[in-house]
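The values are calculated or read from the model by the stated rules, or taken from the named source; none is laboratory data. Computed from a prediction, not measured in an experiment: that's the story for all the values here. Reconstructed Cβ throughout: ideal geometry from the backbone, glycine too, with neighbour counts over all protein chains shown. The area values use the complete protein model at the heavy-atom level, side chains included, leaving out ligands, DNA and RNA. Shrake-Rupley method; radii C 1.70, N 1.55, O 1.52, S 1.80 Å.
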Amino acid sequence: MLRRDRAHGVRFLVGLAVGGTLAGAVLAVLAYLVGSAVQAILPMTVRLWLLALASAAFGLADLANRTPHVWRQVPQRFVHRLTPGVLGLVWGFDLGLLVTTQKVASLIWVSVTAVVLLEPTAAAGVLVGIALIASVVVTAWSMSERTSDLLVSRKEHQWVTIIRRASGLALLILALLAAIQAWGG
């Protein structure tokens, strides 16, 4: 869209960022409410053990190249029905909900889990931040030369594998650190 009509492309990308931010805010409210209830019910040691278990499970999934996600992309049927800004808003909101599309790594899932279990007051910053970072990445990718080839190359598949392995290793380290802290607490 940026190559065909720069103004349309910019409106789409702005809509994408706004939609993602709105979805991140919706998720932040839910994470805050659930996290506040969890904090009231479970002691910190139990919450740390739960984070250790979740981090280990997601880390192992990433190392096995089995990052959990829904096999779904944003709805393509809107491409010809909506204006670029509204299309970006709809797709951004869909992507910003986090659970409605494919994921490269499990870092997002552990981030949400950590916020809910340990610090629900950080939900807005973390979840809106994730949405904004995703929008920046999409914008940067959209402006790169690689977008002219819509087919995912073998090199990009290799990068996904590298990212998943790095994520898996980082999550296993987090699991170990959370377990150590839970054990000592």
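Among the residues of the stretch 82-125, those identified as outside any helix (DSSP H, G or I) and either over 30 Å from residue 182 (Cβ atoms) or open to solvent by 40 Å² or more (accessible area, probe 1.4 Å) (or both) are 82, 83, 97, 99, 100, 101, 102, 104, 119.
Conditions (1) modelled with pLDDT of 90 or more; (2) under 18 Å from the mean Cα position of the chain (by Cα); (3) surrounded by fewer than 17 Cβ atoms within 10 Å (Cβ to Cβ), marked per residue:
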{"residue": "6", "(1), (2), (3)": "no, no, yes"}
{"residue": "10", "(1), (2), (3)": "no, no, yes"}
{"residue": "17", "(1), (2), (3)": "yes, yes, no"}
{"residue": "21", "(1), (2), (3)": "yes, yes, no"}
{"residue": "24", "(1), (2), (3)": "yes, yes, no"}
{"residue": "31", "(1), (2), (3)": "yes, yes, no"}
{"residue": "40", "(1), (2), (3)": "yes, no, yes"}
{"residue": "44", "(1), (2), (3)": "yes, no, yes"}
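So in the stretch 142-183, with the set limited to residues that are assigned to a helix (DSSP H, G or I), at pLDDT below 90 and more than 20 Å from residue 107 (Cα to Cα), which one is most open to solvent (accessible area, probe 1.4 Å)? Taking the candidates together, the pick is 154. Scanning the stretch 34-45 for residues that are without any contact (Cβ under 8 Å) to a residue 60 or more places away in the chain and part of a helix (DSSP H, G or I) yields 37, 40, 41.
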